[in-house]
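Below is one structure; the comments refer to it alone.
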Amino acid sequence: MSTPYAKLPAWADYGLIPLINLSVAFIVAGLVVVLVGENPFRAAVILVEGAFGKGTGIAFTLFYATTFIFTGLSVAVAAHCGLFNIGSEGQAYIGGLGIALVCLPLDSILPWWVLFPLAIVASAAFGALWGFIPAYLQAKRGSHIVITTIMFNFIAASVMVYLLVGLLKPAGSQAPQTRNFVGGAELPKLNWVIELFGAKIRSAPLNICFLLALLMAFLVWLLIWRTRLGYEMRTYGHSPKAARYAGISETRIIITAMMISGALAGMMALNPVMGDQHNVAIDFVSGAGFVGIAVALMGRLHPIGIVLAAILFGMLYQGGAELSFEMPAITRDMIVIIQGLVILFAGALEHMFRPYIQAIFASFSPKSVGMEAVKGKGA
Amino acid sequence: MAQAAIELIGINKSFGAVRANRDINLEITRGTIHGIVGENGAGKSTLMSILYGFYQADSGEIRVGGKPASIHTSNDAIALGIGMVHQHFMLVDNFTVLENVILGAENDALLKSSIAKARSELERLEREYGLEVDPDAVIEELPVGLQQRVEILKALYRGAEILILDEPTGVLTPAEADHLFRILKQLKDQGKTIVLITHKLREIMAITDTVSVMRQGTMVATRVTKETTVGELAELMVGRRVLLRVEKGESESGAVKLSVKNLTVKDSRGVTMVDDVSFDLRGGEIVGIAGVAGNGQSELLEAISGIRHAVSGEVMLDGKPIDLTGKADPGELRDRGLAHVPEDRHHVGLVLAFEENENSILGYHDDERYLKGPFLNVEAIVSDAKDKIAKYDIRPANPRLKTANFSGGNQQKIVLAREMEQDPGVLIVGQPTRGVDVGAIEFIHKRLIAMRDQGKAVLVVSVELDEIRSLSDRILVMFAGRIVGERGPDATEGELGLLMAGVEQQEAAE
């Protein structure tokens, strides 16, 4: 028959399997902790407490999560159109350039509620432009998007280094970054929301970009599943031949999807640049674009899943920082190993346990039990 | 009493909630040809896959030659003398016949002795069974009939005593099929046992000794072929009486709706697939294009429907030309009243991962009825899908179900409902009933004829000769990209078969 395995109920598909993958990742990570001579249970407690124990920790976790929601959505939008955008990293970096170009001349003139929308448009436009070029090359010249987006990450990095050690750097400064933005370029914090629940926050960068990220998650859901454009993107993503048959233009759909994807990646820059650092510095994206790939995969390309996966990765970043502070044997590199294991089991090996779980479900399947009963009556 | 080559006792196999095989008992006598018939999804392929070690039965026993056998892999099956010829050949296209035959049985690093042994063995097999093939020919240069022969040789080379053939005639011309049957009879005479899986009842009648009928996972009957009829078998397969031939009145053909002139199409490698084809399609008639798969029918359909670039020629729809540069917008052609049911519904006509209602608007998703500004009007789409489900008896009647979970026949109905309900002037249908069960075939044929009776122009391309003959008012035969003949619906199968095989008309007349 066509389906060799039982179809899983939605809760198993979206809850149980990610949970099992995650548990395995943590068990293996725990073994790594044992290897360096630390207690894995205490490490786990420190990690979770560091991320969610105090108000400051929660705020940091959500701050990191904000970044990953943007890049995760960016990867997901392209993936729904069958395009593997590895270039969110570079698109976010160039998005930062857009913000700098808006903030540097206007930050002392405009209030944040005028500057912020301008910066959103600028970051999205620059990110979209950086997505447009590989998309055009794919659609018109057949250059593979995976290769071109990787190359565009390098080009973005080089362009930004060039600008940040030259044109954008204040004269006389030795740091490869723009001058610090003031006034309107500093976004309002959201820490007071957490404080409403009684937690205390010393200083944390959580800002209104978090709300923007949630809004974007909703808009992406709307785009993918409720608009004609999303329908066309999904059709092309599942079957380019069916899209051709349905009269959907390949060029148009590839370019549109990649520009939306690039715009979402570009908007990621708002969070660290306007919400935290208040400048554009070298390598400020620091791998968030690549984490977005893991977040999108783990979230099964669904905005709700992406928000949850982004919070998980935010927890790993924040809790991991606490962990390396509390347990000197666990270095920063060890934290990267643990994050890598989560990506490995939740992302790359996402389907490893699926056949076994399906087999278990099949043997308990209520329907086949029901059929047994009917047959028993007939006999 | 003759000894049983294979006995299956109480075989059960479930895939999740689907019980593909239930309590199957089957005994196949040594030295006979045993047919297994059933609709798609009746469980024939599952049963044979269990026998060949692709699946494990949940319960039940297999005996080969009277001894209980446990078959876990295809190697176990081969060791027990069971060989399988798959519907889709398992051959390496750019290997020679010899290289393919020794694949998986190569014994030395330099292959010298293996090849020498295989060569002498092949010569022996050729002599004994009349299976002539040039051992040094490259597979991709051989016609499909010979490729299939190589598959049979592969099985025999591995010492098969029991040969399972899965839908072996699907890709063959009638003449090639006849040749295959002669070979099978010869194999039987030499004491081999043959299991023939098919849904073509006429083949069963022509060649088998006994026949078993499967329906919905159960074995409903086993008959001695001489003592049964096509009608009885069809009834057993479907569980009710079926019309094997659709009833239709005379056609009243009207104005020319679609006119194809000197159309030439090349494929991506630059090979001419459609060669100077011209024909007219009138309102109120069904024109059938017969031919063995791969003779340019697919490319012809794609060019007419604006998907594939044509090299030269012109196609007029209602007197106005269609853009043949391959840049034509199929959406625009739909607006002009050209509906297209593509041959490959899995990859072209449907998106299997979509919900049924999403597929019911594919290609018509620009229609205002289904939109609210840039948004999809989900309510309207679902209620529209529900109407089509009711009208075309699509089961299960759930527009929110994933399309992949519908059976082949119901998937085809989803496509047909979508295209026919747009009330097109011209309907182009590729393989209307491929992989569709008998019950749905009847329904689809009736619908196509109803379209014709409403004065629409219908073009049907099918590799099923029976289908072409029972539907068409005119039959065009394609061979090697050209239309080699036109016949009426009363043309005999032999006559069409010769045309399909590329035999010139004068010879055909003899």
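The values are calculated or read from the model by the stated rules, or taken from the named source; none is laboratory data. Note that the structure is a prediction, hence the values are computed from the model and not measured. Cβ placement follows ideal geometry from the backbone for every residue including glycine, while neighbour counts extend to all protein chains displayed.
Odds and ends about this structure:
- Verdict on B:Ala390 being in contact (Cβ under 8 Å) with a residue 40 or more places away in the chain and either of a type in the set (Val, Ile, Thr) or not assigned by TED's automatic domain parsing to the domain that holds B:Gly43 (or both): no
- For the criterion of being touching a residue at least 24 places away in the same chain (Cβ under 8 Å) and either basic (Lys, Arg) or in contact with a strand residue (DSSP E or B) (Cβ under 9 Å, 6 or more places away or on another chain) (or both), A:Thr66 passes.
- Taking segment B:318-334 as the range and being within 19 Å of B:His365 (Cα to Cα) and touching a Ser or Thr at 6+ places or on another chain (Cβ under 9 Å) as the test, the residues that pass are B:Ala328, B:Asp329, B:Pro330, B:Leu333.
- Which listed residue, of B:Val426, B:Val438, is in contact (Cβ under 8 Å) with a residue 24 or more places away in the chain, away from chain A (no Cβ under 14 Å) and either within 27 Å of B:Thr198 (Cβ to Cβ) or surrounded by fewer than 21 Cβ atoms within 10 Å (Cβ to Cβ) (or both): B:Val438
- Residues satisfying the stated conditions in segment B:50-88, i.e. touching a helix residue (DSSP H, G or I) at 6+ places or on another chain (Cβ under 6 Å) and closer than 17 Å to B:Ala160 by Cα: B:Tyr52, B:Gly53, B:Ile71, B:Gly83, B:Val85
- Failed item, numbered, when B:Gly81 is tested on (1) within 14 Å of chain A (Cβ to nearest Cβ); (2) more than 30 Å from B:Gly439 (Cβ to Cβ); (3) modelled with pLDDT of 90 or more: (1)
- Out of B:Val458, B:Val477, B:Val382, sole residue that is assigned to a strand (DSSP E or B) and at pLDDT 95 or above: B:Val458
- Take the conditions (1) closer than 29 Å to A:Val102 by Cβ; (2) in contact with a Pro (Cβ under 7 Å, 6 or more places away or on another chain); A:Tyr245 misses just one of them, which is (1).
- Residues that are out of contact with any strand residue (DSSP E or B) (no Cβ under 9 Å at 6 or more places or on another chain) and without any contact (Cβ under 8 Å) to a residue 40 or more places away in the chain were ranked within segment B:349-370; the one that is nearest to the other protein chains (Cβ to nearest Cβ) is B:Asp366.
- The listed residue being at pLDDT below 95 and aliphatic (A, V, I, L, M), out of A:Ala156, A:Ala175: A:Ala175
- A single entry from B:Ile444, B:Ile449, B:Ile468 fulfils the requirement of being touching a Pro at 6+ places or on another chain (Cβ under 6 Å), more than 14 Å from chain A (Cβ to nearest Cβ) and either at pLDDT 90 or above or crowded, with 16+ Cβ neighbours inside 10 Å (or both): B:Ile444.
Quick grid of which residues meet (1) in contact (Cβ under 8 Å) with a residue 12 or more places away in the chain; (2) assigned to a strand (DSSP E or B); (3) basic (Lys, Arg); (4) assigned by TED's automatic domain parsing to the domain that holds B:Thr210:
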residue: B:Leu26; (1), (2), (3), (4): yes, yes, no, yes
residue: B:His34; (1), (2), (3), (4): yes, yes, no, yes
residue: B:Leu47; (1), (2), (3), (4): yes, no, no, yes
residue: B:Ala57; (1), (2), (3), (4): yes, no, no, yes
residue: B:Ile62; (1), (2), (3), (4): yes, yes, no, yes
residue: B:Pro68; (1), (2), (3), (4): no, yes, no, yes
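- Within the option set B:Thr173, B:Thr222, being over 27 Å from B:Ile102 (Cβ atoms), among the hydroxyl-bearing types (Ser, Thr, Tyr) and modelled with pLDDT of 85 or more holds for one residue only, B:Thr222.
- Once segment A:217-241 is narrowed to residues that are over 19 Å from B:Tyr364 (Cα atoms) and touching a residue at least 60 places away in the same chain (Cβ under 8 Å), the residue that is nearest to the other protein chains (Cβ to nearest Cβ) is A:Trp221.
- Each residue in segment A:171-186 was checked for being over 26 Å from the mean Cα position of the chain (by Cα) and over 15 Å from A:Leu101 (Cβ atoms), and 9 of them qualify.
- The helices (runs of 4 or more DSSP H) located wholly in segment A:1-116 that include 2 or more residues which are within 14 Å of chain B (Cβ to nearest Cβ) occupy A:55-80.
Yes/no per residue for (1) touching a residue at least 60 places away in the same chain (Cβ under 8 Å); (2) surrounded by fewer than 22 Cβ atoms within 10 Å (Cβ to Cβ); (3) away from chain B (no Cβ under 14 Å):
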| site | (1), (2), (3) |
| --- | --- |
| A:Gly183 | yes, yes, yes |
| A:Leu187 | yes, no, yes |
| A:Asn207 | yes, no, yes |
| A:Leu215 | no, yes, yes |
| A:Ala243 | no, no, no |
| A:Ile248 | no, no, no |
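- Segment B:405-430, residues that are in the same structural domain as B:Leu350 (by TED's automatic domain parsing) and of a type in the set (Val, Ile, Thr): B:Val426, B:Ile428, B:Val429
- 3 or more residues closer than 30 Å to A:Pro40 by Cα: qualifying helices (runs of 4 or more DSSP H) within segment A:234-349: A:288-298, A:303-326, A:332-342
- Looking only at segment B:194-215, and only at residues there that are in contact with a Leu (Cβ under 7 Å, 6 or more places away or on another chain) and among the hydroxyl-bearing types (Ser, Thr, Tyr), the one that is farthest from B:Asn12 (Cα to Cα): B:Thr208
- Subset of segment B:324-348 (residues that are touching a strand residue (DSSP E or B) at 6+ places or on another chain (Cβ under 8 Å) and more than 10 Å from chain A (Cβ to nearest Cβ)): B:Leu324, B:Arg336, B:Gly337, B:Leu338, B:Ala339, B:Val341, B:Glu343
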